[in-house]
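**Q** Let me give you the structure first, and then I'll get to my questions.
What follows is calculated from the coordinates using simple rules that are stated; it is not laboratory data. All of these numbers come straight from a predicted model, not from anything done at the bench. Reconstructed Cβ throughout: ideal geometry from the backbone, glycine too, with neighbour counts over all protein chains shown.
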Amino acid sequence: MKKIVVFLITILLVLAYAVPAFAYTVNVTAEPAEGGDVFVNDTAGGGEIASGKNAVLKAVAKEGYIFAGWFREDGTPVDESGAEFTYTLEEDRSYVAKFEKKYTVALEASPQDGGSVSQSGEEYKLNDSVTVTATPAENYNFMGWFTDPSSEDPVSTD
């Protein structure tokens, strides 16, 4: 009986080490390609990851672009808001990191000692909403927002 048990344990050990561990394939692409770089576990474009391991997806925007979100290959948005997220592998997957052109808003108080101006962020995607705030200095009144200091009509007086 001992010989049979030792034989079976030996067979199981040989099979455990001879059979490769199951792996999943995780691929990532950037859209547009010039918008940024994408990685899975620090490997550009992805690759195979052993079963039981986590996949860490990371998107890095290039100059002039901003990360817009992760999507599945069919266009379904992934419920992750950050450029980097981790998930437990369940199956082969392909993801798309979308990037959009980056826009900035420049504000200036005129005259400079007339008050201060601020905005709700620093980088924006097309059609993002931007909140701008003007705080007049003492003895000054807010006259409006102008696209050019020489303009006579304000874009807004709010």
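**Q** Take the Cα pairs of the range 96-158, get the Kirkwood Rh, then feed it into Stokes-Einstein at 20 °C and 1.002 mPa s and tell me D in µm²/s.
**A** 160
**Q** Read phi for every residue in the range 105-120 and hand back ³J(HN,Hα) as whole Hz from Karplus 6.51 cos²θ - 1.76 cosθ + 1.60, θ = phi - 60°, with x for Gly and Pro.
**A** Taking θ as phi minus 60°, the curve returns 10, 9, 10, 8, 7, 9, x, 4, 7, x, x, 10, 10, 8, 9, 6 Hz for the range 105-120.
**Q** Another one. Rounded to the nearest 0.05, what FRET efficiency is calculated for residue 138 and residue 103 with R0 set to 35 Å and r the Cβ-Cβ distance?
**A** 0.55
**Q** Hey, another quick one. For residue 114, what charge total do you get from the other residues with a beta carbon under 12 Å from its beta carbon, if Lys and Arg give +1 and Asp and Glu give -1? Could the numbers behind the result be given before it?
**A** On the way: positive: none; negative: 108, 113, 138.
Local charge sum for residue 114: -3.
**Q** Also, quick follow-up: Using Cα pairs under 8 angstrom and six or more residues apart, how large is the relative contact order of the chain, in percent? Numbers along the way, then the final one.
**A** Values: 279 pairs, mean separation 27.4, N = 158.
Relative contact order, the chain: 17 percent.
**Q** Please give the helix 2-18 orientation as an angle from the longest Cα principal axis of the chain, in degrees from 0 to 90, rounded to the nearest 10.
**A** 30
**Q** Run the numbers on the range 80-143 and let me know its relative contact order in percent, using alpha-carbon pairs under 8 Å that are six or more apart.
**A** For the range 80-143, the relative contact order is 27 percent.
**Q** Using only the alpha carbons of the chain, what is the convex hull's orientation-averaged projected area in square nanometres?
**A** If you wrap the Cα atoms of the chain in a convex hull and average its projections, you get 15.8 nm².
**Q** State, to one decimal in nm, how far the label point of residue 3 lies from the label point of residue 87, with both points 7 Å from Cα in the Cβ direction.
**A** Roughly 5.4 nm, to one decimal.
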